[in-house]
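Chemist: Got a structure here, written out as structure tokens. Questions coming.
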Amino acid sequence: MSEAHRNALVLFSGGQDSTTCLAYALTRYERVETIGFDYGQRHRVELTQRLAVLAALRQRFAAWSGRLGEDHVLDLPVLGQISDTAMTRDIAIETQAGGVPNTFVPGRNLLFLTLAAALAWRRGLSVIVTGVCETDFSGYPDCRDDTMKALQVALTLGMDRRYVIDTPLMWLDKAATWQLAHDLGQQADPAGGGADLVRLITEHTHTCYLGDRTHRHPWGWGCGHCPACELRARGWAKYSQPRSSS
């Protein structure tokens with residue numbers, strides 16, 4: 001690891017992917033801070049759950065607790081005001097012309113990462129970790145690897161500071177993301193840390209687009225039928241199926 005890139009800021013929503021990214025960062029970097037955004041999202045229960053996840057991580061993984069620094073939440077109502085999407089309005093989730101679902105919030109990841117870089121500049125952090133993924137995703141253009149590489153260049157040039165956008169989930173499907181969480185937890189604590197981190201993610205994280213915390217499934221809480229729940233459930237089914245001993 002470069003001497004200049006020992007500290008990281010994790011885009012942390014409180015969902016499965018961002019929690020796995022946080023565990024990854026706590027394994028890899030010496031000091032880790034987190035950032036979340038309140039943009040009027042329909043599933044704003046995630047803002048409550050992210051605090052539950054942080055508390056549970058600190059309690060269960062002592063080795064990580066010492067690396068886990070300040071948490072930041074930015075109010076971003078303007079994004080909700082200009083977005084007419086199923087993530088910011090009480091409308092049915094559907095696929096739009098061109099194949100992109102109406103859960104896509106235009107500019108969201110671009111804005112999140114730009115604001116994260118501005119905060120990182122002030123906090124002396126040079127790595128920004130985000131859970132965007134081009135393997136299991138909904139066709140969102142701001143989750144693509146090319147987008148992340150272009151934005152890394154733009155932020156580095158625009159702020160005259162070398163930034164690294166670290167995307168550990170970019171080429172993983174949801175089953176592999178569950179497995180990564182297990183492996184990271186096990187690395188942190190060989191005495192059951194892997195299973196405990198998977199249980200923590202299952203119980204405390206929130207992914208459901210509708211903000212449902214009333215229905216409990218083997219993979220966690222959610223409505224069970226929105227695209228986010230279906231993706232998480234498929235990944236869990238693949239991850240938890242019995243492995244061949246051969």
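Chemist: Are any residues in segment 128-144 over 15 Å from the mean Cα position of the chain (by Cα) and not in a loop (DSSP other than H, G, I, E, B), and if so, which ones?
Modeler: PRO141
Chemist: Test of understanding: among ALA237, ALA150, ALA191, ALA175, which residue is under 27 Å from LEU9 (Cβ atoms) and small (Gly, Ala, Ser)? Can you show your working first?
Modeler: Numbers: ALA237 fails: under 27 Å from LEU9 (Cβ atoms); ALA191 fails: under 27 Å from LEU9 (Cβ atoms); ALA175 fails: under 27 Å from LEU9 (Cβ atoms).
Just one listed residue meets the conditions, ALA150.
Chemist: While we're looking at this one, here's another question. From the list THR147, THR156, pick out the single residue that is modelled with pLDDT of 95 or more and more than 16 Å from the chain's Cα centre (by Cα). Reasoning before the result, please.
Modeler: Numbers: THR147 fails: modelled with pLDDT of 95 or more.
Just one listed residue meets the conditions, THR156.
Chemist: Right, here's the next one. Which residues, taken from segment 177-196, are touching a residue at least 40 places away in the same chain (Cβ under 8 Å) and touching an Asp or Glu at 6+ places or on another chain (Cβ under 9 Å)?
Modeler: Scanning segment 177-196 gives THR177, GLY185, ASP189, ASP196.
Chemist: Need the failing condition index for THR207 against (1) in a helix (DSSP H, G or I); (2) in contact with a Lys or Arg (Cβ under 8 Å, 6 or more places away or on another chain); (3) crowded, with 21+ Cβ neighbours inside 10 Å, just the number.
Modeler: Among (1) in a helix (DSSP H, G or I); (2) in contact with a Lys or Arg (Cβ under 8 Å, 6 or more places away or on another chain); (3) crowded, with 21+ Cβ neighbours inside 10 Å, the lone unmet condition for THR207 is (1).
Chemist: List the residue pairs whose Cβ atoms are under 9 Å apart, where the first residue sits in segment 120-136 and is touching a residue at least 24 places away in the same chain (Cβ under 8 Å) and farther than 17 Å from LEU26 by Cα, the second is part of a loop (DSSP other than H, G, I, E, B) and among the aromatic types (Phe, Trp, Tyr), and the two are 6 or more positions apart or on different chains.
Modeler: TRP121/TYR163; VAL132/TYR140; CYS133/TRP171; GLU134/TRP171; THR135/TRP171
Chemist: Here's a follow-up. Any residue at all in segment 177-190 that's within 16 Å of SER18 (Cα to Cα), at pLDDT 95 or above and either part of a loop (DSSP other than H, G, I, E, B) or in contact with a Cys (Cβ under 9 Å, 6 or more places away or on another chain) (or both)? It would help to see each step written out before you state the result.
Modeler: The initial filter retains those residues of segment 177-190 that are within 16 Å of SER18 (Cα to Cα), namely 177-185.
If we keep only those that are at pLDDT 95 or above as well, we get 177-185.
Checking which are either part of a loop (DSSP other than H, G, I, E, B) or in contact with a Cys (Cβ under 9 Å, 6 or more places away or on another chain) (or both) leaves us with 177.
Looking for residues that are within 16 Å of SER18 (Cα to Cα), at pLDDT 95 or above and either part of a loop (DSSP other than H, G, I, E, B) or in contact with a Cys (Cβ under 9 Å, 6 or more places away or on another chain) (or both), one finds at least one in segment 177-190, hence yes.
Chemist: For the condition among the charged types (D, E, K, R) and at pLDDT 95 or above, what is the one hit in ARG6, ARG28? Show your work before the answer.
Modeler: On the way: ARG6 fails: at pLDDT 95 or above.
Criteria check complete, one pass: ARG28.
Chemist: Moving on to the next point. Out of TRP236, TRP219, I need the residue that is more than 28 Å from LEU110 (Cβ to Cβ) and in contact with a helix residue (DSSP H, G or I) (Cβ under 6 Å, 6 or more places away or on another chain). Which one?
Modeler: Values: TRP236 fails: in contact with a helix residue (DSSP H, G or I) (Cβ under 6 Å, 6 or more places away or on another chain).
Matching residue, one of TRP236, TRP219: TRP219.
Chemist: Return the only residue of ARG199, ARG232, ARG213 being out of contact with any Cys (no Cβ under 7 Å at 6 or more places or on another chain) and part of a loop (DSSP other than H, G, I, E, B). Show your work before the answer.
Modeler: Working: ARG199 fails: part of a loop (DSSP other than H, G, I, E, B); ARG232 fails: part of a loop (DSSP other than H, G, I, E, B).
Residue meeting the stated conditions: ARG213.
Chemist: Test of understanding: among VAL73, VAL105, VAL132, which residue is modelled with pLDDT of 70 or more and either buried (at least 20 other Cβ atoms within 10 Å of the Cβ) or among the acidic types (Asp, Glu) (or both)?
Modeler: Details: VAL73 fails: either buried (at least 20 other Cβ atoms within 10 Å of the Cβ) or among the acidic types (Asp, Glu) (or both); VAL105 fails: modelled with pLDDT of 70 or more.
Going through VAL73, VAL105, VAL132 in turn, the sole match is VAL132.
Chemist: Which residue is nearest to THR19 (Cα to Cα), if the candidates are limited to segment 138-175 and must be of a type in the set (A, V, I, L, M, F, W, C) and crowded, with 19+ Cβ neighbours inside 10 Å?
Modeler: Our first condition is that a residue be of a type in the set (A, V, I, L, M, F, W, C); within segment 138-175, this holds for 143, 148, 150-151, 153-155, 157, 159, 164-165, 169-172, 175.
Right, trim to crowded, with 19+ Cβ neighbours inside 10 Å and you get 143, 148, 151, 155, 165, 169, 172.
Working: CYS143: 17, MET148: 19, LEU151: 23, LEU155: 24, ILE165: 17, LEU169: 11, LEU172: 15 Å.
Among them, the one singled out is LEU169.
Chemist: Could you list, in sequence order, the residues of segment 227-238 that are surrounded by fewer than 20 Cβ atoms within 10 Å (Cβ to Cβ) and closer than 18 Å to ALA195 by Cα?
Modeler: ALA233, ALA237, LYS238, listed by residue number.
Chemist: If you take the residues of segment 214-226 that are crowded, with 16+ Cβ neighbours inside 10 Å and of a type outside the set (Gly, Ala, Ser), which of them is farthest from GLY40 (Cα to Cα)?
Modeler: Applying the filter and picking the extreme gives TRP219.
The values are calculated or read from the model by the stated rules, or taken from the named source; none is laboratory data. Given the structure is predicted, the values throughout are model-derived calculations rather than measurements. Counting neighbours? That spans all protein chains shown, and the Cβs are built from the backbone with ideal geometry, glycine included.
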